[in-house]
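Asks: My questions all concern the structure below.
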Amino acid sequence: MDLIIGIDLADQSFQGAGGPTAAARCLRQLANEIEANVSNFADCREGQRIAGTESGSGCVAYLADV
């Protein structure tokens, strides 16, 4: 399985000169959520969202077989 990180760069928070900083902040947030909520990747099902929200945040992490 692969860890897939999706960041919607079209999201308003990633626009302009502050975009890279916002993306880095988002990655740190996802990392913190994964560390807090996933004890073992083997226990997760394929296609499972393991961090972030599907709407509103602009970033999400999934496990998938690609």
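We did not get these values from a lab; they are worked out from the coordinates using the rules stated. Remember, it's a predicted structure, so these values are computed and weren't measured experimentally. Note that each Cβ is placed from the backbone with ideal geometry, even for glycine, and that neighbours are counted across all protein chains shown.
Asks: Cα-based Rg of the chain per 2.2 N^0.38 Å, rounded to two decimals?
Replies: Numbers: Rg = 12.4 Å, N = 66, 2.2 N^0.38 = 10.8 Å.
For the chain, the normalised Cα radius of gyration is 1.15.
Asks: For the ranges 35-44, 22-31, 7-16, what's the packing order if you count other beta-carbon atoms within 10 Å of each residue, average per peptide, and put the highest first? Intermediate results must be reported in sequence, preceding the final value.
Replies: On the way: 35-44: 10.3, 22-31: 15.3, 7-16: 13.4.
Averaged packing, sorted descending, gives the order 22-31, 7-16, 35-44.
Asks: Compute the long axis of helix 19-37 from its Cα atoms, compare it with the longest principal axis of the Cα atoms of the chain, and write down the angle in degrees, 0 to 90, nearest 10.
Replies: The two axes meet at around 20 degrees.
Asks: Can you compute the charge dipole magnitude of the stretch 2-64 about its Cα centre, using +1 on each Lys and Arg Cβ and -1 on each Asp and Glu Cβ, nothing else charged? Give it in debye, rounded to the nearest 20. Intermediate results must be reported in sequence, preceding the final value.
Replies: Working: 4 positive and 8 negative charges, 33 e Å.
With only Lys, Arg, Asp and Glu charged at Cβ, the dipole is about 160 debye.
Asks: Related question: If amide H atoms are built 1.01 Å from N in the plane of the peptide, which residues on other chains or at least 5 residues away come under 5 Å of the amide H of A51?
Replies: A61
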